[in-house]
Amino acid sequence: MGDLSGFWDRTPRWFVIVAGSFVGISLLSLLLRHSIITGAETTMWKFAAVHFAGYIFFIISPVEILYIHMLREGHDAWTLFGVAMGTALLAQAIDYGIGLAFSNTLIEKIIGARKYKRNMRRIEAYGGWTIFFFCLFPLSSPIVVLVAGMIRYSWKQVALFSIAGLALKYAIILLLV
């Protein structure tokens, strides 16, 4: 194998942090999901870890099923609701921050300046409702939040619509189960 010392000198720190987080969270999520599926006891800590990982943009996971499973096992509904909301919002804040790390130049190179400006106007007009809709249903809201960060959509708006959508979704599940 060749000398890797030059690689680390040229690799941005954010890339190492994101790549390391990706590997670590993915492995943790897979291990915890496996233990839950095989029938091991589902603790609130396991739920929190899997739920958090499910809201990181690169791990698409139907965490609502785990929420229902936990309710049916008899876990305290209000504690479960709080943990679900807290872990989802923390993960979405990370998604938003990763989106902010992308520069406008990089975004324009990826999707093109014309498309970027056209989509920016649409998101400014409907962005909040899009975030609400994606948080309300088991859709990939973390990706929408990542894009909101990329286009510099207001974090206050992202948080407001995320809280509203997530709270309504988990309250409906709570009432139905």
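Being modelled with pLDDT of 90 or more, touching a Ser or Thr at 6+ places or on another chain (Cβ under 8 Å) and surrounded by 16 or more Cβ atoms within 10 Å (Cβ to Cβ) is a description that applies to Ala88.
Would you confirm whether or not segment 113-120 contains a residue that is at pLDDT 85 or above and either charged (D, E, K, R) or closer than 19 Å to Ser61 by Cβ (or both)? No, that holds for no residue. A single member of Gly97, Gly82 is part of a helix (DSSP H, G or I), without any contact (Cβ under 8 Å) to a residue 24 or more places away in the chain and not charged (D, E, K, R), and it is Gly82.
Select from segment 133-150 the residues that are of a type in the set (Phe, Trp, Tyr) and either surrounded by 19 or more Cβ atoms within 10 Å (Cβ to Cβ) or not in a helix (DSSP H, G or I) (or both) and list them in ascending order.
Taking segment 133-150 and keeping what is of a type in the set (Phe, Trp, Tyr), we get 133-134, 137.
The answer is Phe134, Phe137.
Residues in segment 151-177 that are of a type outside the set (Phe, Trp, Tyr), over 26 Å from Ala77 (Cβ atoms) and either touching a His at 6+ places or on another chain (Cβ under 9 Å) or surrounded by fewer than 21 Cβ atoms within 10 Å (Cβ to Cβ) (or both): Ile151, Arg152, Ser154, Lys156, Gln157. Considering only residues in segment 126-160 that are more than 20 Å from Ile172 (Cβ to Cβ) and of a type in the set (Phe, Trp, Tyr), the one that is modelled with the highest pLDDT turns out to be Trp155.
The values are calculated or read from the model by the stated rules, or taken from the named source; none is laboratory data. What you see is a predicted model; the values in this text were computed from it and never measured. Note that each Cβ is placed from the backbone with ideal geometry, even for glycine, and that neighbours are counted across all protein chains shown.
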